[in-house]
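Worksheet: the structure to be examined is printed underneath.
Any read-out appearing in this document is the output of simple, stated calculations on the displayed coordinates, not a laboratory observation. Everything quoted here is computed from the prediction, not taken from an experiment. Cβ: placed from backbone, ideal geometry, glycine included. Neighbour counts: every protein chain shown.
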Amino acid sequence: MLAERDTWLLFFAGGLIAAPVLTFAGLWGVPYLVQVHGLERSHAAGFTTAMLLGFAIGGPLLGALSDRVGRRKLPYLGAALVHAVGWASFLLIDNLSATALYLLFALIGFSAGGLIIGFAFAREVNHPGAAGTVGGVVNMAVLGFAAIQQSAVGWILDRNWQGAMIEGARIYDAAAYHAAFLWLAISGVGAVLAVALTRETYCRLRFDSDD
């Protein structure tokens with residue numbers, strides 16, 4: 001299993017897609033929207049919830065699409081591309097309306113749901129006897145990369161902190177958040193590259209159980 005190149009590519013793809021969503025929607029998105037855009041916390045939470053809902057809906061739908069078309073690489077790569085472009089748009093387009101931002105966050109989350117394809121993909125590129133282990137390896141990347149990126153974003157914010165505080169809490173400016181969130185887009189690009197280097201299975205096991 002560990003000698004199979006595609007296992008590692010799918011390991012990194014899953015982690016690099018999941019990490020930005022879990023970092024933004026799970027930790028840093030609400031503080032960013034409150035501190036930079038001046039939203040109330042409840043309103044800000046609505047935006048991050050849109051991303052998480054998109055994530056929850058995208059997984060089953062994109063997984064079903066993959067099964068229906070009989071491909072793993074093509075739909076996974078398409079989802080990864082949309083995900084990367086979504087983060088790039090978030091960073092590069094200023095003054096998005098509230099509606100546009102809701103839709104963008106939902107699209108980012110929906111496309112990130114494509115990582116579910118990676119679990120079936122990873123199972124198919126390995127021996128059937130390693131199916132459970134392979135799933136655990138990919139899942140470890142999803143959780144592990146998110147934990148690392150959440151901490152990394154916090155470190156970058158602290159490095160760019162200008163000294164502002166309110167009630168003992170550090171307040172970061174837009175430039176600090178932009179520097180930190182740049183890594184969300186870089187992660188998205190990394191996921192695209194990882195998926196692009198995989199080999200298609202056409203939804204079939206690459207190895208027989210007797211191999």
- request: Say whether the condition of being farther than 25 Å from T99 by Cβ, out of contact with any Asp or Glu (no Cβ under 8 Å at 6 or more places or on another chain) and without any contact (Cβ under 8 Å) to a residue 24 or more places away in the chain is met by at least one residue in the stretch 51-61.
  value: no
Matching residues, the stretch 186-199, being among the β-branched types (V, I, T) and outside any helix (DSSP H, G or I): T198
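Residue by residue, here is whether (1) surrounded by 15 or more Cβ atoms within 10 Å (Cβ to Cβ); (2) not in a helix (DSSP H, G or I) holds:
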residue	(1), (2)
A131	yes, no
V134	yes, no
F145	yes, no
W161	no, yes
A175	no, no
A179	yes, no
L184	yes, no
T201	yes, yes
D208	no, yes
- prompt: If you take the residues in the stretch 1-59 that are buried (at least 17 other Cβ atoms within 10 Å of the Cβ) and of a type in the set (D, E, K, R), which one is farthest from M165 (Cα to Cα)?
  reply: E4
- prompt: L27: touching a residue at least 24 places away in the same chain (Cβ under 8 Å), more than 21 Å from I148 (Cβ to Cβ) and either of a type in the set (V, I, T) or assigned to a helix (DSSP H, G or I) (or both), yes or no?
  reply: no
field: The one condition in (1) in contact with a strand residue (DSSP E or B) (Cβ under 8 Å, 6 or more places away or on another chain); (2) of a type outside the set (S, T, N, Q); (3) in contact (Cβ under 8 Å) with a residue 24 or more places away in the chain that I117 fails to fulfil
entry: (1)
task: Answer with yes or no whether L104 is part of a helix (DSSP H, G or I) and either in contact (Cβ under 8 Å) with a residue 60 or more places away in the chain or under 30 Å from R206 (Cα atoms) (or both).
output: no
field: Checklist (1) in contact with a Phe, Trp or Tyr (Cβ under 7 Å, 6 or more places away or on another chain); (2) of a type in the set (S, T, Y); (3) without any contact (Cβ under 8 Å) to a residue 40 or more places away in the chain applied to T201, failing item
entry: (3)
